[in-house]
Amino acid sequence: MNRRGYYGGFGGAYIPEILTATFAELTREFDAAKNDPSFWQQYRDILATYSCRPTPITFAENLTEYLKGARIYIKREDLNHTGAHKANNVIGQGLLVKRMGKKRVIAETGAGQHGVATATMAAKFGFDCTIYMGEVDVERQRPNVFWMERLGAEVVPVTDGTRLLKDAINQAFRDWVTNMDTTHYVLGTACGPHPFPEMVTYFQSIIGREARKQLMETEGRLPSRVYACVGGGSNAMGIFSGFFADPVQLVGVEAGGQGLETGRHASRLASSDGSVGIAQGYKTYFLQNADGQMKETHSVAAGLDYVGVSPILAQLKESGRVRFETATDVEVLDALSLTMKKEGLIPALESSHAFVQAFKEAPTLSRNDIILINQSGRGDKDIFTIADAFSDPSWKKFISKKATKYHA
């Protein structure tokens, strides 16, 4: 980072003047917390007693034998409370909210996991909570909407634009401008204006710190490669940050959707469709047209269906430190099915993107190599999407029966 909030030519804080004081306050509190040794300990203690940290690494013995290549380990962020890595960030930001003395939190969510995590944190700390979610995502992630509402959050479907994650972010910023004195925006990924990319990465770095230590204790050596899916970039930054100083290949996997050639995807860094622009308060690669208008995106995974990407990852792409690949919807479902049948694990559709690339590359490596996959979330939230994709006749019969019962 050449100056605060910038990563190479990316990042910054392109915000309306009315929010300047709010961002300055947030930056001050974040800096004070980082410089307070008791803060990180308090953060770790809460995660240990409330969110099951440290999450383990699991040796995927059956997949290793099946693919006949590198030894495969999986970092189990799916075992966090609420089922994903999102709890790490929201607990950290929740502690900052308490330091600032604010009483209300808002958030955006795509896959719903960040929304559930934020609603859970708000219930624990006693905050009022509003969650903005694109109308399309509300429909395909209905179980998460149900839990957010049961936890006491107000879920607001966003009907503007493409009705996806970027539109939810826009609506959350509108709310914040109106209520900044009482409200904190719990941004869920390593995007947005400074200090959010740095702050989210800081809280998610617990993933990489743990994973590196666990592999050294288990195998006595580092992995050859680390794989993570990439939407906004929070889980990828979390696990990659544990290995930046090591001679380890870092591989981020974006949503290839229906194929890059179709334009129906969400790949900003691994395709030629991404270009540098400024939107939603920061500078990075976006999927945009020549006039700077955001394009529609597509992914079977709601959490990867976003037009932008972390400015830190944009810089890491340009420096060559992280390699970016894509996985199509079909490949993702195949990798999910294989993982379930071979290991009894059910990764989220987002996480399954990382599994796709790891499975492609594991057979090309030796038995002495180790690879690490970040299972950033569990797939039970995706049951409707997965069952529909697999055209499961029993599931369709069950849904039809339930629908008939409720409308009788």
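Since every read-out is calculated from the coordinates, none of them should be taken as a lab result. Keep in mind the model is a prediction, meaning the values are calculated, not measured. Using ideal geometry, Cβ is built from the backbone for each residue, glycine included, and neighbour counts are taken over all protein chains shown.
Going from the fewest other Cβ atoms within 10 Å to the most, the residues 61, 325, 77 appear in the order 61, 325, 77. Listing 229, 191 from fewest to most neighbouring C-beta atoms within 10 Å gives 191, 229.
Site pair residue 337 and residue 124 shows an inter-label distance of 3.8 nm when each label is modelled 7 Å from Cα along Cα→Cβ.
Put the Cα centre of the stretch 128-155 next to the Cα centre of the stretch 242-273 and the gap is 28 Å.
I'd like the Kirkwood hydrodynamic radius of the stretch 241-344, using the inverse of the mean 1/r over distinct C-alpha pairs, in Å. One decimal place: 14.7 Å for the Kirkwood radius.
Whole-percent P(r), the stretch 48-181, all Cα pairs, 5 Å bins from 0: 2, 11, 17, 19, 17, 12, 9, 6, 5, 2, 1, 0. Measuring between alpha carbons in the structure, the pairs from 34/341; 360/381; 166/401; 75/124 lying more than 31 angstrom apart are 34/341; 166/401.
Dipole magnitude for the chain: computed about the Cα centre from +1 point charges on Lys and Arg Cβ and -1 point charges on Asp and Glu Cβ, it is near 740 debye.
Matching the structure-derived Cα Rg over 2.2 N^0.38 Å against the labelled list (1) 1.28; (2) 0.93; (3) 1.09 gives the label (2). Computed from phi, the 3J(HN,Hα) profile of the stretch 196-202 under the Karplus parametrisation 6.51, -1.76, 1.60 (θ = phi - 60°) reads 4, x, 5, 5, 5, 4, 4 Hz, with x in place of Gly and Pro. Sorted from greatest to least, the principal axis extents spanned by the alpha carbons of the stretch 177-327 come out as 51, 46, 28 Å.
Return a whole-number percent for the relative contact order of the chain, with Cα pairs under 8 Å and 6 or more residues apart as the contact set. The value is 20 percent. Peptides 143-150, 316-323, ordered by how many other C-beta atoms sit within 10 Å of their residues on average, highest first, read 143-150, 316-323. Local charge for residue 376 was computed over the other residues whose Cβ lies under 13 Å away, with Lys and Arg +1 and Asp and Glu -1, and equals +1. Report the local net charge at residue 85: Lys and Arg +1, Asp and Glu -1, summed over other residues whose C-beta lies under 12 Å from its C-beta. Surrounding charge for residue 85 is +1. Amide H contacts under 5 Å for residue 282: 14, restricted to partners 5 or more places along the chain or on a different chain, H placed in the peptide plane at 1.01 Å from N. Other residues lying with their Cβ under 13 Å from the Cβ of residue 194 contribute a combined charge of +2, Lys and Arg counting +1, Asp and Glu -1. Suppose we keep just the DSSP beta bridges with both residues in the chain; what percent of those would be antiparallel, to 5? The answer is about 35 percent antiparallel.
Extension gain for residue 391 to residue 330 (0.36 nm times residue separation, less C-alpha to C-alpha distance): 20.6 nm.
From the Kirkwood radius over Cα pairs of the stretch 361-408, Stokes-Einstein at 37 °C and 0.692 mPa s returns a whole-number translational diffusion coefficient of 229 µm²/s. In terms of other Cβ atoms within 10 Å, 125, 324, 390 run from fewest to most in the order 390, 125, 324.
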